[in-house]
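Since the structure comes first, as structure tokens, the remarks are kept for the end.
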Amino acid sequence: MFLGIDIGTSAVKGVLIDDDDRVLAEASAPLEVQRPALLWAEQDPESWWTATQDIIDRLASSHSMASVVAIGLSGQMLAVTLLDEHDRPLRPALLWNDGRAADECVEIESRIPNFAQRVGCRAMPGFPAPKLAWLARHEPELLARARRVLLAKDYVRLRLTGGAVSDVADASATLLMETVDVRWSEEIASACGISTSVLPTLVASGEISGQLRPQIAARWGFRDGTVVAGGAGDNMCGGVGAAVIARGDAFISLGTSGVYFVANDRFVPALSRGMHTHRHAIDGLFCQQAVVLSAASSLSWLARLLHVESVERFVADIESAALAPGDVPLFTPYLGGERTPYNDPLATATMSGMRFTTTPLHLGRAVLDGVALAIADCHDALLADGAPIERVRLIGGGARSGLWAEIIATVLDRTLELPAEGVIGPALGAARLARQSVGGPLLGSAQGNHRVVTPRREWRDAYARKRDVFHTQYAALRER
């Protein structure tokens with residue numbers, strides 16, 4: 001068996017697969033995000049480890065861990081984790097959707113020549129480099145005590161193996177690495193207030209990064225010498241999980257955020273519109289990405305406001321209501337700012353066009369529509385940058401909703417593929433990379449079938465009109 005672990009934003013997920021990609025078991029443990037100030041988003045790194053132990057406990061209760069040959073790691077990208085000389089967290093980790101470092105983005109680009117061309121994108125608040133510069137300015141004594149700076153999954157790797165290691169795909173998104181040359185940049189690190197000596201060793205995603213500590217192996221009954229693969233960030237692992245592993249392959253992920261990911265065999269740095277280019281988990285490939293910061297999290301937010309106990313039941317009721325797009329309010333999903341196409345951490349969400357007849361189901365459908373319209377902005381931005389979009393797959397928890405898939409297909413005017421294993425994409429991708437690290441094939445022979453979702457032609461005109469109004473909402477608020 002091969003174990004894939006995904007350190008997400010809202011949960012840690014684990015999956016066991018066999019040589020042929022058959023899913024043998026799954027487990028999940030929830031996580032919470034703390035927002036102690038406007039634009040801030042943080043998590044306690046220990047919560048990642050606690051949740052990881054929980055899911056391994058659950059998997060070990062039904063399957064012998066002695067059969068696990070290798071472990072792969074996936075995780076939320078961009079989280080800045082500072083550790084002291086005893087590998088203890090110095091503060092909560094700054095997450096990918098933390099927007100406090102806008103001023104530092106300007107300063108970094110003014111100090112580093114050709115910054116975007118070297119790292120793959122402009123400096124943006126959610127990325128590690130500007131967040132480290134923020135810490136250097138606002139918490140300098142604490143940053144000076146840091147002996148390691150790790151990403152989320154790499155903190156879990158440290159707990160599993162004792163080694164400070166990262167993969168080149170996830171590391172390329174820190175904006176601290178020369179993406180083409182695959183090396184940490186001392187110049188960029190220094191501009192952000194650190195030395196590269198605190199950064200982890202780099203390995204390939206499908207390469208062995210270390211072995212389980214003996215006490216960890218003994219706790220769950222893993223064999224001595226069980227290896228841990230390099231793995232990758234959740235977007236790259238999502239690509240591996242969805243078999244997006246060749247030029248022109250693409251996926252849209254409906255998770256906490258919405259990600260539009262396109263594989264390319266050329267390095268095309270993103271210079272505008274809040275997009276970014278990094279290394280893929282597949283050797284020789286890069287990935288062009290556009291991001292909606294609040295996707296399924298917008299639906300969770302609305303459910304909390306409405307005191308809805310089950311988001312799944314809420315979505316089922318929205319689907320049953322069969323509402324027409326023209327009868328639904330307009331929602332812009334900028335609850336935590338927006339990355340693509342605005343790169344604006346101060347962008348705010350709107351809900352407009354409500355009447356006395358508007359019900360909670362209308363508001364829920366508005367959220368589905370609004371996220372789809374934001375994804376359409378990502379699609380247009382990627383095409384404008386020359387991304388070679390050919391086959392598009394839909395993955396993530398939101399992909400369970402057939403209605404949401406139809407809305408996105410209609411707004412994009414594209415057929416979408418929904419792989420059977422799409423909901424567990426990143427954890428599955430991590431398990432596949434684990435298998436590759438010990439000489440096995442990246443893809444097994446028992447991949448599940450996918451179904452195809454086509455645009456709803458009767459909705460096309462209504463969504464075209466909504467897109468026009470959608471863009472005026474951001475512009476009107478921005479002018480204020």
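Quick check on my filter: what residues within the stretch 308-320 are under 25 Å from the mean Cα position of the chain (by Cα), surrounded by 16 or more Cβ atoms within 10 Å (Cβ to Cβ) and over 19 Å from ARG456 (Cβ atoms)?
VAL311, PHE314
Does VAL119 meet the test of being of a type outside the set (Asp, Glu), at pLDDT 95 or above and surrounded by fewer than 23 Cβ atoms within 10 Å (Cβ to Cβ)?
No, not satisfied.
Is it the case, given these coordinates, that GLY163 is surrounded by fewer than 22 Cβ atoms within 10 Å (Cβ to Cβ), part of a loop (DSSP other than H, G, I, E, B) and either touching a strand residue (DSSP E or B) at 6+ places or on another chain (Cβ under 6 Å) or hydroxyl-bearing (Ser, Thr, Tyr) (or both)?
Against the criterion (surrounded by fewer than 22 Cβ atoms within 10 Å (Cβ to Cβ), part of a loop (DSSP other than H, G, I, E, B) and either touching a strand residue (DSSP E or B) at 6+ places or on another chain (Cβ under 6 Å) or hydroxyl-bearing (Ser, Thr, Tyr) (or both)), GLY163 qualifies.
Would you confirm whether or not the stretch 290-307 contains a residue that is in a loop (DSSP other than H, G, I, E, B), among the β-branched types (Val, Ile, Thr) and on the phi < 0 side of the Ramachandran plot?
Scanning the stretch 290-307, I find no residue that is in a loop (DSSP other than H, G, I, E, B), among the β-branched types (Val, Ile, Thr) and on the phi < 0 side of the Ramachandran plot, so the answer is no.
Quick check on my filter: what residues within the stretch 405-425 are at pLDDT 95 or above and assigned to a helix (DSSP H, G or I)?
Within the stretch 405-425, ALA405, GLU406, ILE407, ILE408, ALA409, THR410, VAL411, LEU412 meet the criteria.
Name the single residue that is farthest from ALA70 (Cα to Cα) among those in the stretch 450-473 being at pLDDT below 95 and under 24 Å from the mean Cα position of the chain (by Cα).
ARG451
Working carefully through the options GLY429, GLY402, GLY444, find the one that is surrounded by fewer than 23 Cβ atoms within 10 Å (Cβ to Cβ) and not assigned by TED's automatic domain parsing to the domain that holds GLY255.
Only one candidate passes the filter, namely GLY444.
Are there any pairs with C-beta distances below 6 angstrom linking a residue in the stretch 63-86 that is not assigned by TED's automatic domain parsing to the domain that holds THR9 and part of a strand (DSSP E or B) to a residue that is surrounded by 24 or more Cβ atoms within 10 Å (Cβ to Cβ) and at pLDDT 95 or above, with the two at least 6 apart or on different chains, and if so which?
That search, which allows pairs on different chains as well, returns nothing.
If you go through the stretch 225-254 one residue at a time, how many are touching a helix residue (DSSP H, G or I) at 6+ places or on another chain (Cβ under 6 Å) and in a helix (DSSP H, G or I)?
6
Just the residues that are buried (at least 24 other Cβ atoms within 10 Å of the Cβ), among the charged types (D, E, K, R) and over 16 Å from the mean Cα position of the chain (by Cα), please, taken from the stretch 57-110.
Of everything in the stretch 57-110, just one residue is buried (at least 24 other Cβ atoms within 10 Å of the Cβ), among the charged types (D, E, K, R) and over 16 Å from the mean Cα position of the chain (by Cα), namely GLU104.
Which condition breaks for ASP181 when tested against (1) without any contact (Cβ under 8 Å) to a residue 12 or more places away in the chain; (2) in a helix (DSSP H, G or I)?
(2)
Kindly evaluate ALA372 against the criterion of being surrounded by fewer than 24 Cβ atoms within 10 Å (Cβ to Cβ), outside the structural domain of VAL12 (by TED's automatic domain parsing), out of contact with any strand residue (DSSP E or B) (no Cβ under 8 Å at 6 or more places or on another chain) and small (Gly, Ala, Ser).
For ALA372, the condition - surrounded by fewer than 24 Cβ atoms within 10 Å (Cβ to Cβ), outside the structural domain of VAL12 (by TED's automatic domain parsing), out of contact with any strand residue (DSSP E or B) (no Cβ under 8 Å at 6 or more places or on another chain) and small (Gly, Ala, Ser) - is not met.
Would you mention how many residues in the stretch 394-404 are assigned to a strand (DSSP E or B) and either touching a Leu at 6+ places or on another chain (Cβ under 7 Å) or among the small types (Gly, Ala, Ser) (or both)?
Adding up the residues that qualify gives 1.
Being buried (at least 16 other Cβ atoms within 10 Å of the Cβ), touching a helix residue (DSSP H, G or I) at 6+ places or on another chain (Cβ under 7 Å) and over 28 Å from PRO125 (Cα atoms) narrows it down to one of PRO269, PRO341, PRO325, so name that one.
Selected residue: PRO325, the only one of PRO269, PRO341, PRO325 that is buried (at least 16 other Cβ atoms within 10 Å of the Cβ), touching a helix residue (DSSP H, G or I) at 6+ places or on another chain (Cβ under 7 Å) and over 28 Å from PRO125 (Cα atoms).
May I ask you to list the residues in the stretch 194-210 that are touching a residue at least 40 places away in the same chain (Cβ under 8 Å) and buried (at least 19 other Cβ atoms within 10 Å of the Cβ)?
Scanning the stretch 194-210 gives ILE194, LEU199, PRO200, ALA204, SER205, GLY206, SER209, GLY210.
Out of (1) among the small types (Gly, Ala, Ser); (2) under 19 Å from HIS280 (Cα atoms); (3) out of contact with any Gly (no Cβ under 9 Å at 6 or more places or on another chain), what's the single condition that is false for SER166?
(3) is the only condition that SER166 fails.
Would you mind finding the one in GLN473, GLN436 that is surrounded by 13 or more Cβ atoms within 10 Å (Cβ to Cβ), more than 28 Å from LEU323 (Cβ to Cβ) and touching a residue at least 60 places away in the same chain (Cβ under 8 Å)?
GLN436
Collect the residues in the stretch 106-135 that are outside any loop (DSSP other than H, G, I, E, B) and more than 26 Å from SER10 (Cβ to Cβ), keeping them in residue-number order.
Scanning the stretch 106-135 gives VAL106, GLU107, ILE108, GLU109, SER110, ARG111, PHE115, ALA116, GLN117, ARG118, VAL119, ALA133.
Failed condition for LEU323, given (1) farther than 15 Å from LEU403 by Cβ; (2) over 18 Å from the mean Cα position of the chain (by Cα); (3) not in a helix (DSSP H, G or I), with all others met?
Of (1) farther than 15 Å from LEU403 by Cβ; (2) over 18 Å from the mean Cα position of the chain (by Cα); (3) not in a helix (DSSP H, G or I), only one is false for LEU323: (1).
Which condition number does ILE318 fail, the rest of (1) within 28 Å of ILE245 (Cα to Cα); (2) touching a residue at least 24 places away in the same chain (Cβ under 8 Å) being met?
Every condition holds for ILE318 apart from (1).
The values are calculated or read from the model by the stated rules, or taken from the named source; none is laboratory data. None of the values given here were measured: they were computed from a predicted structure. All Cβ positions, glycine included, derive from the backbone under ideal geometry; neighbour counts span all protein chains shown.
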